[in-house]
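Mind having a look at this structure? Questions to follow.
Read the figures in this text as sums done on the coordinates, not as results from a lab. On a predicted model such as this, the values are computed, not experimentally measured, just so you know. Don't worry about glycine lacking a Cβ; one is built from the backbone with ideal geometry, like all the others, and counts go over all protein chains shown.
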Amino acid sequence: MEDRPCALLLKFPGTNCDAETARALEAVGFVTEVLPVSALKPEKLVGVSLVVLSGGFSYGDYVMSGRIASLVTEQKIGETLKDFRDNGGYLLGICNGFQILTQLDLLPAGSLVENASGRFQCQWVKLKNLAPKSPFLSQCPAEFELPIAHAEGRLVTKEAAEAAGYVKSGAAALVYGDDVNGSFERIAGLQDESGRVFGLMPHPERFMKARDHYDPDWEGQGEGDWGSGYWIFKSLYQAIKEGEV
Amino acid sequence: MSDPATLNPLERIAEAPADHYRVLKISDLDGERLLELSKFMKLSLSREDMLAIQAIYAEWDREPTDVELEVIAQTWSEHCKHRIFGATIEHEVDGKAETVNSLFKTYIRDVSQRIFDRKPGFVLSAFHDNAGFIQLDDELAVCLKAETHNHPSAIEPYAGANTGLGGVIRDILGAGKGAKPIGSLDVFCFGAPDTTMDHIKADDVIHPLGVMRGVVRGVRDYGNRMGIPTISGAIQFDDSYIYNPLVFCGTAGVIPIKDIEKKIEAGMKVIAVGGRTGRDGLHGATFSSAALDTESHEEDQQAVQIGNPIEEKKAADFVLAARDKGLIEFITDCGAGGFSSAAGEMLEECGGVIDLDQVKLKEPGLVSWEVFISESQERMVLAVKEESLPELRKLADLYETELTELGSADGSGILKVTHHGNTVCELDCTKLHDAPTRHLKGRWTKKTGPVDAPVLTKPGEALRDLFTDFAIVSREPIIREYDHEVQGNTVLKPLAGASGDAPQDASVLRISGSKRLMAMGVSLLPEWGKTDPYAMGAACVDECVRQLVAAGADPGRLAILDNFCMGNPDAEEELGALVETVKGIAAVAEVYGAPFVSGKDSFYNYFETKEGPVSIPVTILISGMGIVEEESHVTGASLRKSDSLLAIIGHTSGDLGGSVFARRHGLENASVPATRAEEAWKCYVQYHEAVKKGYIRSAHDVSEGGLAVTLAEMAFSGKAGLEIDLCSLPMDDDASKAAMLFGESPSRLVIEVAPEDLAKVADLFEGLPFAALGRATTEHANLRVEWGKETLVNEPLADLKGLWKTGLARYY
């Protein structure tokens, strides 16, 4: 029997980071299935350790980013997904996946709205790891870089105090080093109370190798020729492997 | 009842029974009436074309249907048939007469064929498919295609550019049995962003700023949603583009070599996949083959379609999955001409039947010709084996795209179209592709000569001035709106270097499943072409090739594309400029062994303003792809180490013509530098040897703004200041200081090497123009350029970078 943990990546119409995200998952050791959402059924989660929502523009994101995808997911596997999390399953949302997660009530309340610049922003950003114990960030250094590419990545909460609370509670696992898009408290990524649900706007799958960095002389991080994004997937893989024992 | 021969076309059409199609009696019309009919139906066919059609029908002893006339108009349109590139041109250069029998055959196809013969197995497909393919490795091939979408973008910038990119992406999906799009390029020509309104001499023309913003957002919203990184591009600003902005969109793809060949056979089913068919985009192909005026802005809104990238994304996911399962026998996109072009291309030899009743419509009530030529977006047409249909239907359901069976191939050689039980079109496909050869006249008279360079009293100020020019300022605000890293393969990004925001020449993509990479580059120099189109053509090929080689591509494995835009081909001087441009690109491409594998042209980019017609200058975009053997060869354009030495490869001419400096300093008709192709080629081969040996830390091409701008741009990585001395610069004896600093002679590269490697690199360039220029330094953060004992430039790099970074940002 396959002893590698299984990841299930949901592909909505308009999801477009599925191939490289699957490649990243495979690189750290996951068996990965990319599943078009038309074929999604509750049974598909059986035997799966990790559900991934990758980047893209699900259904075009014309209504509000991630809105329709969250409704489709809710309708197809809503309850199953919550059971999956309660029973030890992991959920990762990257960029559009993070936007979808925020609307599925699986993360602390908050909305990802249009960047303060009013623009799509494709650039590299500095990040601070505020949750070194998170299963998603345990092998990441205190500060690292990743690329972002989004128009709606500004995390807002109803009251500014809520966002400040996320920083105190540790829900704000990842924050930008600079004010990139107007996010409250510079929040770039959120985790839930279990620590097994994590969403972030930056794209770790785009920085798997040192050579992916914009500076050809970037010196690398940790062992091997890996980029910072690799360590997010690797952390997760380790956490799931250890959880299995 | 009046005499039918005197009826005007409107009456003639009204006379035919009103139904979903009409038979139009044309046999008794004279040339004038035929031309009126063509204009009335917006067929964009000339009197000669209409007479030819009349003759064909006389031979068949029947009258055409409106569907047939529309099909012929689409097929013979300049957009689909490139009739000017196939024309016989009586050309005169400086009083000497010559005859060009087809620019395409003489200067594009034949030149490329000779290169194919020199490099067997490298070019796997050229000219006949949607895009040309070159070999990447034993398993995979890559392709590139670029299209223009000028007229739609002039009228509706957002939608025009949106569908421009959407269309070229479909070209790639329809290349071979379906290539995977992996990267896009976008090149624009606009009026200057600071154009004042009183400078625009026609009504209903969108201000250049509105055009720019709309076009950029159109490209952004299609490319980003499709998940294809936009990695390469260029923008030119010139007054002549106010009325006719140019929008070039290109996409590269990758395909297994075994899936390049496609063939349709009798018995196969023809299916459509993707979006539905509506009244949007009627007459796009014929519309784009005519000039614009204020009226066309009002009338032809329906020729511009609205894009829906998610529809296309679903179709793309379906196509690539179906190809991987071996279910596709033939595929092409629905572009200009809609089903008529797609089915026509597919069935031209085999023949077959298309049933329009099967077509899924956006709205009811479309008549036959509307269904058949509608250019509604996001549709692909495939030929498949009947037994594959059930599995294809399942895949279409899985990816949530609509699949429709349209008809079948039957081996009859006849394209037959039925609708509501009637045969609305029955054409011998071979006749569709026999448009009359056009006869045109061209003339070119030399415009340039030696002009004294101005005496440079303050070269530093001249340099600062250049860094505010729209030709040079950073494209960062636009580049950041494009996702250039989706797919996770963009190794050399459009902005890179230690600071992440310094300009690069070519971009380089990793290719999943291969150790090799692909570089993409673009060049256009319309300013040169205004006075010396031959030099422009030559230099564009040179610059594109140089970018690719600089980034690490193997100079022996490059292929290029030619995309032409011009004003009025019936104006002799304008067509003459085109002929000279074509000669220029052909000459240099042949020396470099860089074959043309695909090309496209756009005519009638002129506008009837209140003060007469304004044409764009003949504009050539050369875009190219190159194979990079391994990742270690990838070379950026930004200074990397503070202990480095800098050197220049290539000869500096004293000619300032075509340069940004010349334009800003009012030098008119100054000689434009020639491309010394033989020498440049040797340099590129040696440069690549240096790359393979690991000697090159970085390399930047010398282009707009000349050497001084190139040096500063390299140092925009923020790693060090530069100490440069021009005393050993390889150059014309009489080159002025202005030419040394700001001249734009082609074929030059500035390279950064480690101190210990300089002698070894110099050895490689024995007998070629090469000189050490200076060094990086941590002693200061300036660009300091000396000439012997004289300090020409000593400017803080931070100041120059500040000017450069904010020049366009203020307007975008």
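Work out the FRET efficiency for A:S117 and B:E689 from their Cβ-Cβ distance, taking R0 = 51 Å, and round it to the nearest 0.05. Each step should come with its number before you reach the end.
Values: r = 45 Å, r/R0 = 0.88.
About 0.70, to the nearest 0.05.
So which trypsin sites (Lys or Arg not before Pro) in the stretch B:715-812 end up in coil per DSSP with only 10 or fewer other C-beta atoms within 10 Å?
Working: sites: B:K719, B:K737, B:R748, B:K760, B:R775, B:R784, B:K789, B:K801, B:K805, B:R810; in loops: B:K719, B:R748, B:K789, B:R810.
Taking the stretch B:715-812 and a limit of 10 other Cβ atoms within 10 Å, the loop trypsin sites (Lys or Arg not before Pro) found are B:K789, B:R810.
Please give the Cα centre distance for the stretch B:326-351 versus the stretch B:793-812, rounded to the nearest Å.
50
Also: Return the whole-Å distance between the Cα centroid of the stretch A:161-222 and the Cα centroid of the stretch A:74-116.
If we compute the Cα centre of each part, the gap is 16 Å.
With Cβ to Cβ distances under 9 Å as the rule, what net charge do the other residues near B:E786 carry (K, R +1; D, E -1)? Let's see the in-between values first.
On the way: positive: B:R784, B:K789; negative: B:E723, B:D725, B:E790.
After counting each charged neighbour, the total is -1.
Could you pull out the longest piece of chain A with no exposed loop trypsin sites (Lys or Arg not before Pro) in it, calling a site exposed if DSSP puts it outside H, G, I, E, B and it has at most 11 other Cβ atoms within 10 Å? Don't skip to the answer; put the middle values down first.
Working: sites that count: A:K133, A:K158.
Between exposed loop sites, the widest span is A:1-132.
Can you give the net charge of the other residues whose Cβ lies under 11 Å from the Cβ of B:R279, counting K and R as +1 and D and E as -1?
Numbers: positive: B:K362; negative: B:D280, B:E363, B:E370, B:E375.
In short, -3.
Continuing with this model, one more query. Let me know the charge dipole size of the stretch B:554-659 about its Cα centre in debye, to the nearest 20, where only the beta-carbon of Lys, Arg (+1) and Asp, Glu (-1) is charged.
With only Lys, Arg, Asp and Glu charged at Cβ, the dipole is about 360 debye.
Which Cα, out of B:A383, B:G411, B:H199, lies furthest along the positive dipole direction of the protein assembly as shown (beta carbon charges, K/R +1, D/E -1)?
Positive-end residue among those listed: B:A383.
Right, another one. Springs between alpha-carbon atoms under 10 Å, Gaussian network over chain A: tell me which of A:I187, A:I148, A:I100 tops the mean-square fluctuations.
A:I148
Still on this structure, please answer the following. Rounded to the nearest 5, what is the percent of antiparallel bridges among the DSSP beta bridges in the stretch B:517-667?
On the way: 19 of 25 bridges.
Bridges in the stretch B:517-667 that DSSP calls antiparallel: roughly 75 percent.
With θ taken as phi - 60° and the coefficients 6.51, -1.76 and 1.60, list the Karplus ³J(HN,Hα) couplings across the stretch B:676-686 in order, rounded to whole Hz; mark glycine and proline as x.
Each residue of the stretch B:676-686 in turn: 8, 5, 4, 5, 4, 4, 4, 4, 5, 5, 5 Hz.
Less than 13 Å Cβ to Cβ from B:A776, Lys/Arg counted +1 and Asp/Glu -1: what total charge do the surrounding residues give?
On the way: positive: B:R640, B:K641, B:R697, B:K719, B:R775, B:R784; negative: B:D643, B:E723, B:E752, B:E779.
It works out to a net charge of +2.
Specify the inter-centroid distance of the stretch B:710-742 and the stretch B:110-130, based on alpha-carbon positions, in whole Å.
With the stretch B:710-742 and the stretch B:110-130 each reduced to a Cα centre, they are spaced 39 Å.
Explain nothing, just the number: relative contact order of the stretch A:6-244, from Cα pairs under 8 Å at least 6 residues apart, as a whole percent. Numbers along the way, then the final one.
On the way: 515 pairs, mean separation 44.3, N = 239.
Here the relative contact order equals 19 percent.
Which whole-number percent is the relative contact order of chain B (Cα, under 8 Å, 6+ apart)? List each step's numbers first, then the result.
Values: 2059 pairs, mean separation 114.3, N = 812.
In percent, rounded to a whole number, it is 14.
Next question. Of B:S728, B:I620, B:T251, which is farthest along the charge dipole of chain B in the positive direction, counting Lys and Arg as +1 and Asp and Glu as -1 at C-beta?
It is B:S728, whose Cα lies furthest towards the positive end.
Can you give the % of DSSP beta bridges in the stretch A:6-244 that are antiparallel, to the nearest 5?
Details: 21 of 39 bridges.
Taking every DSSP beta bridge within the stretch A:6-244, about 55 percent pair in antiparallel fashion.
Dipole of the protein assembly as shown (Lys/Arg Cβ +1, Asp/Glu Cβ -1, origin at the Cα centre): which of B:L361, B:M346, B:L173 lies farthest to the positive side?
Result: B:L173.
Work out from phi, with θ = phi - 60° and the Karplus expression 6.51 cos²θ - 1.76 cosθ + 1.60, the ³J(HN,Hα) of each residue of the stretch B:268-279, listed in order in whole Hz, and give x for Gly and Pro.
These are the phi-based 3J(HN,Hα) values: 6, 8, 9, 10, 10, 9, x, x, 8, 9, x, 7 Hz.
Count neighbours as other Cβ atoms within 10 Å of each site's Cβ, and list the GluC sites (Glu not before Pro) in the stretch A:1-97 that are DSSP loop with at most 12 such neighbours.
Numbers: sites: A:E2, A:E20, A:E26, A:E33, A:E43, A:E74, A:E79; in loops: A:E2.
Sites meeting the loop and neighbour criteria: A:E2.
First check a/c for chain A, with a ≥ b ≥ c the square roots of the eigenvalues of its C-alpha gyration tensor; if it is under 1.5, answer rounded, and if not, answer prolate when a/b is larger than b/c or oblate otherwise. Spell out each step's value before the answer.
Numbers: a/c = 1.35, a/b = 1.07, b/c = 1.27.
Rounded, since a/c falls under 1.5.
GluC sites (Glu not before Pro), restricted to the stretch A:100-175: which are DSSP loop and have at most 13 other Cβ atoms within 10 Å? Kindly include the intermediate steps, with their values, before the conclusion.
Values: sites: A:E114, A:E143, A:E145, A:E152, A:E159, A:E162; in loops: A:E114, A:E152, A:E159.
Answer by residue number: A:E159.
Amide H of B:S507 versus every other amide H placed in the peptide plane: which residues, excluding those fewer than 5 positions away on the same chain, fall under 5 Å?
Residues meeting the criterion, in which the H sits 1.01 Å from N, are B:M520.
Shifting gears a bit: Please report, in debye to the nearest 20, how large the charge dipole of the stretch A:1-94 is about its Cα centre when each Lys and Arg carries +1 at its beta carbon and each Asp and Glu carries -1 there. Mind showing how you got there, number by number?
Working: 9 positive and 12 negative charges, 39 e Å.
With Lys and Arg at +1 and Asp and Glu at -1, about 180 debye.
Magnitude of the Cβ-charge dipole of the protein assembly as shown, K/R +1 and D/E -1, about the Cα centre, nearest 20 debye? Can you show the working numbers first?
Numbers: 104 positive and 159 negative charges, 474 e Å.
I would put it at about 2280 debye.
Under 1.5 on a/c is rounded, so check that first for the protein assembly as shown, then, if it is not, pick prolate when a/b is larger than b/c and oblate when it is not; a ≥ b ≥ c are the square roots of the alpha carbon gyration tensor eigenvalues. Present the calculation step by step, with values, prior to reporting the outcome.
Working: a/c = 1.81, a/b = 1.09, b/c = 1.66.
The shape class here is oblate.
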